[in-house]
Each structure stands twice: as C-alpha cells, then as structure tokens.
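K.L.:
This is the structure, below, for whatever I ask next.
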Amino acid sequence: MAIPVKLQAFEGPLDLLLHLIEKNKIDIYDIPIAEITDQYLAYVQQMDHEDMDVTSEFMVMAATLIDIKCRMLLPREVTEEGEEEDPREELVRQLLEYKMYKNMAGRLRDCMDTAGELVSRKQSLPDEVLAFRPKADPKELLEGMTLDRLHEIFQFVLKRQEDKVDPIRSKFGQIEKDSVSFPDKLDYVEIYTRKKRKVSFRKLLEKQKGRMQVVVTFLAVLELMKLGKIRVEQPDAFGEIEIESLEDAGETSLAGDEYRMEEEIGGEDVY
C-alpha cells in the first residue's frame, strides 16, 4: 500500500525555486541549473494537477529551467560590450525581487500580529508644550509677497492722505497732531485681524484718519508679521494684498479693548 506524502505548499514557482536554493545552500548568483531543474521537475510530478491555473504556472517555469539548462550547454553569446551573457541572469533577477517582496510581506505580517497588542492613549502634553509656538519664518508668512510691494502700497496710501488735505482750510490755524500709541495700534491690528480672520492691507491703511495713523498701522503690520501672528499674501498677480490672522479667534487677552478698537474706524469692515 502506498504511503501518502503531504507536500509543502508553495505560493508559486519562484517560491519553490527559492526554497530549493535555500535548502541546498546554493549561491543565488551561481545556480547549478541542472541540479535545480531535476529537483524542480521531481516536485512538479508529485503536485496535485487538479488546479490547472496553478499547475500551468509551475509548468511554464519548468520549461524555462529546461531552456536555460540547454543554453548552458551551448557556447555563450557575447554582448556588444564583448562580455559573455549568462542565461541565468534574468532568473536570478526575478528571484532576488521575489525574495525582497517576500521579506517585506513577512515584516508587514509581523507588524499586523503585534499591532493587536498595542494600546493607544489620549495625547497628554504639559501646558508649556501646548503653548509653544515655533519661530515665525518671514519667507513663509510673505508667501511670494515682497517688502517692496508693501512699501509701494504704503506710499500710495500716504499720497492719498495728503490729497485729502484742504489747501485753504489747512492754513486757517494750527492743528494739533493727535498722538498715536504704537502698542495700542499693535493691539488694534491684532484684535481686528483675529476677529475678521482676513482683511485687505490697502483698505486697512485707507481707513486710518491721518498720516501718522497710516505710518503706525504699517509698522504694526510688520511687527505682527515678525511675531508670526499674521500672514501676508497676494492670491492673484497684481491683486489685493490680504492679511490673514494665524491666531485662534477666541484666544486674546485684549478682548476688553475690542469695542474701543472698532470705534476708531466707526465699526466698519476693512476687507
């Protein structure tokens, strides 16, 4: 009575070849084709031939091995560079690629098996870490905008402020110049941009009530850019320059002064 023998299942002909190479401790770059072909054919003869799709793949590789075995008996062909061609070169390349992918699949399988043993927890960071803000990069905040373009708009607004002055009435008497506080103007621009999220740089300057207001507002915009609290960008070529707040709308220690800031421009939007 014949003894039933259960053969090891392989995922494909390359898997079988790699198994034979490792079993016989053969150098993959110098495969003894005759020996490997005989062992390969012996396995194929014992296969279950009911699945023709799987069997056909192994038979194609068997034909390839026999072809390489025959070419090994013939004189080697010479390439254009004068080097002899190795009939086993393409087979070696396929085996190396298959071995690499098989190892990667094994690592992924191990990661999948160990993933079930891991438990994640909710992020818990100290307040000091949550409050950290990286140093602002002026190039990133400008996003293609140049200081020359900002200065050009600044000069244009100053010229418009001068044009608004009545040449006759301005000589009637001495007009006292309003004092402008840079910290107050800095708070005003920060609060307003934080609330509106995005405003027009040109209209922001045009809403100021005098030359000094325009100058200090312009300096406040530059200072907030330096601190990384706003970003200046120009979406379209020759279009409006927009100031976008990088802070959360609710995070402000100056919220009590917001009403006063809006009163300075009559509660109008500047975007």
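Taken together, the values in this text are just the output of simple stated rules run on the coordinates, not laboratory data. These numbers come from a predicted model, not from an experiment. Counting neighbours? That spans all protein chains shown, and the Cβs are built from the backbone with ideal geometry, glycine included.
K.L.:
Take the range 186-226, drop everything but the C-alpha atoms, weight them equally and run the Debye formula without solvent; then report log10 I(q)/I(0) at 0.15, 0.24, 0.31, 0.32 Å⁻¹ to two decimals.
P.N.:
-0.31, -0.80, -1.24, -1.28
K.L.:
Counting each pair of different Cα atoms once, what's the Kirkwood radius of the range 4-127 in Å, rounded to one decimal?
P.N.:
Numbers: mean 1/r = 0.0568 Å⁻¹.
That comes to 17.6 Å for the range 4-127.
K.L.:
Then there is this: Determine the sum of side-chain charges near residue 106: Lys and Arg each +1, Asp and Glu each -1, restricted to other residues whose C-beta is under 11 angstrom from that of residue 106.
P.N.:
+2
K.L.:
So which of 198/226; 122/196; 25/69; 122/226; 159/207; 135/207 end up more than 25 Å apart, counting from Cα to Cα?
P.N.:
Table pairs above 25 Å Cα-Cα are 122/196; 122/226; 135/207.
K.L.:
Moving on to the next point. Fewest Cβ neighbours within 10 Å first, please rank 211, 93 accordingly.
P.N.:
Fewest-to-most ranking of 211, 93: 93, 211.
K.L.:
Subtracting the Cα-Cα distance from 0.36 nm times the residue separation, let me have the gained length for residue 57 to residue 110 in nm, one decimal.
P.N.:
Value of the extension gain: 16.2 nm.
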